[in-house]
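*Asks:* I'd like to ask some things about the structure below.
The values are calculated or read from the model by the stated rules, or taken from the named source; none is laboratory data. Everything numeric here is computed off the predicted structure, so don't read it as measured data. Cβ placement follows ideal geometry from the backbone for every residue including glycine, while neighbour counts extend to all protein chains displayed.
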Amino acid sequence: MNDAAPSANHAEDLHGVLLRNPARIVGLLHRLRLHRSLLSIRFEGRADWHTSMIVAVDAAHGRLHLDAPASTPMPMPPPGTRIAVRGRLDGGDLRFGCRYTGTILIEGIESLAAAIPEEVFVLERRTAFRLNLPPRLGLPPSAIGREHPTHPTRLLDVSVSGAGAIVTPMIDPQIGETLHMHVQLPGASVQTAAEVRSTRVREDGVRVGLRFGALRREDETRLAQAIHRLERQLIRAARRPC
């Protein structure tokens with residue numbers, strides 16, 4: 001049985017994507033590790049699912065390392081046993097199968113070693129990958145406003161189709177209205193209309209979910225390249241030893 005994807009007809013109904021490109025799969029695994037995404041894992045032949053996460057990706061040796069379930073001690077299966085893995089990333093569901101190869105200690109903690117999967121099924125709920133932007137990146141503030149983007153705003157996440165941001169309560173954003181935004185990222189400065197899709201009051205302001213209007217092709221390209229550079233910066237920072 002293929003743990004990576006349902007039947008072809010079901011996959012089509014779900015508008016999913018079956019990834020088989022090794023570089024894209026490794027990149028996806030790195031993002032799961034970077035964002036500390038919780039996974040559900042199950043050994044072939046067993047009924048119980050256990051919570052885990054990716055603790056390391058060793059692309060050079062074709063291995064990934066999963067946090068060994070600690071809350072429910074269990075005997076390890078023989079090498080070669082298939083592990084079914086499910087998780088969520090970027091607002092979408094994903095699943096894949098990988099072959100267990102043994103246990104290994106990473107920083108004194110037991111982990112499960114497994115072969116990097118040959119394919120990953122991704123059920124995409126967003127039209128574009130959205131990158132979380134932690135404060136440690138030290139990004140310059142973007143700006144937003146009704147007639148002109150005059151109020152500084154901090155981006156929380158961004159994609160080529162939208163962003164999450166913290167805005168001042170003075171704007172009092174309303175769901176459905178269109179604001180004007182100046183997106184500032186290293187190597188990209190883009191002016192766009194931004195429809196307010198969601199709002200939530202926080203101690204530091206109002207968190208808004210924004211959907212960008214149609215971007216010029218050159219602006220979309222610059223924005224996509226800037227997001228890709230920031231993603232690589234975050235992945236490299238996560239790989240550095242503490």
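*Asks:* Among (1) in contact (Cβ under 8 Å) with a residue 40 or more places away in the chain; (2) within 30 Å of Asp157 (Cβ to Cβ); (3) in contact with a strand residue (DSSP E or B) (Cβ under 7 Å, 6 or more places away or on another chain), where does Glu44 come up short?
*Replies:* Against the list (1) in contact (Cβ under 8 Å) with a residue 40 or more places away in the chain; (2) within 30 Å of Asp157 (Cβ to Cβ); (3) in contact with a strand residue (DSSP E or B) (Cβ under 7 Å, 6 or more places away or on another chain), Glu44 comes up short only on (2).
*Asks:* Next question. Identify the residue in the stretch 107-129 that is farther than 17 Å from Leu18 by Cβ and modelled with pLDDT of 80 or more and, among all such residues, is farthest from the chain's Cα centre (by Cα).
*Replies:* Checking each candidate, the answer is Glu110.
*Asks:* Go through (1) over 14 Å from Ala113 (Cβ atoms); (2) small (Gly, Ala, Ser); (3) in contact with a Pro (Cβ under 9 Å, 6 or more places away or on another chain) one by one and return the number of the condition Ala23 breaks.
*Replies:* Evaluating Ala23 over (1) over 14 Å from Ala113 (Cβ atoms); (2) small (Gly, Ala, Ser); (3) in contact with a Pro (Cβ under 9 Å, 6 or more places away or on another chain) leaves (3) as the failure.
Condition check ((1) more than 18 Å from Leu131 (Cα to Cα); (2) in contact with a helix residue (DSSP H, G or I) (Cβ under 9 Å, 6 or more places away or on another chain)) across all residues:
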{"site": "Asp172", "(1), (2)": "yes, no"}
{"site": "Thr192", "(1), (2)": "yes, yes"}
{"site": "Arg211", "(1), (2)": "no, no"}
{"site": "His228", "(1), (2)": "no, no"}
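*Asks:* Residues that are part of a strand (DSSP E or B), more than 20 Å from the chain's Cα centre (by Cα) and under 19 Å from Pro152 (Cβ atoms): does the stretch 205-223 have at least one?
*Replies:* yes
*Asks:* Still on this structure, please answer the following. Of (1) more than 25 Å from the chain's Cα centre (by Cα); (2) over 13 Å from Thr153 (Cβ atoms), His180 satisfies all except one. Which?
*Replies:* (2)
*Asks:* Further, regarding this structure: Quick one: would you say Ala163 is outside the structural domain of Arg36 (by TED's automatic domain parsing), outside any loop (DSSP other than H, G, I, E, B) and without any contact (Cβ under 8 Å) to a residue 60 or more places away in the chain?
*Replies:* Yes, satisfied.
*Asks:* Where the second residue is in a strand (DSSP E or B) and surrounded by 10 or more Cβ atoms within 10 Å (Cβ to Cβ) and the first is without any contact (Cβ under 8 Å) to a residue 60 or more places away in the chain and on the phi > 0 side of the Ramachandran plot and lies in the stretch 193-205, which pairs have Cβ atoms under 8 Å and are six or more apart or on separate chains?
*Replies:* Matching pairs, first to second residue: Gly205/Ile166; Gly205/Val167.
*Asks:* I'm trying to understand the selection: among the residues of the stretch 175-185, which are farther than 14 Å from Gly145 by Cβ and at pLDDT below 95?
*Replies:* Ile175, Gly176
*Asks:* For the stretch 206-229, enumerate the residues that are over 18 Å from Ile166 (Cα atoms), surrounded by 19 or more Cβ atoms within 10 Å (Cβ to Cβ) and either free of Cβ contacts under 8 Å to residues at least 60 places away in the same chain or not assigned by TED's automatic domain parsing to the domain that holds Pro140 (or both).
*Replies:* Leu215, Arg222, Ala226
*Asks:* For the stretch 34-45, give me each residue that is more than 15 Å from Gly92 (Cα to Cα) and at pLDDT 90 or above.
*Replies:* Residues satisfying the conditions are Ile41, Arg42, Phe43, Glu44, Gly45.
*Asks:* Does the stretch 190-203 include one or more residues that are assigned to a loop (DSSP other than H, G, I, E, B) and modelled with pLDDT under 95?
*Replies:* yes
*Asks:* Being assigned to a loop (DSSP other than H, G, I, E, B) and either of a type in the set (Ser, Thr, Tyr) or surrounded by 12 or more Cβ atoms within 10 Å (Cβ to Cβ) (or both): is that true of Pro173 here?
*Replies:* Yes.
*Asks:* Of the residues Pro117, Pro79, which single one is in a loop (DSSP other than H, G, I, E, B) and exposed (fewer than 15 other Cβ atoms within 10 Å of the Cβ)?
*Replies:* After ruling out the rest, the residue left standing is Pro79.
*Asks:* Something else: Would you tally the residues in the stretch 136-161 being under 22 Å from the mean Cα position of the chain (by Cα) and either β-branched (Val, Ile, Thr) or on the phi > 0 side of the Ramachandran plot (or both)?
*Replies:* 3
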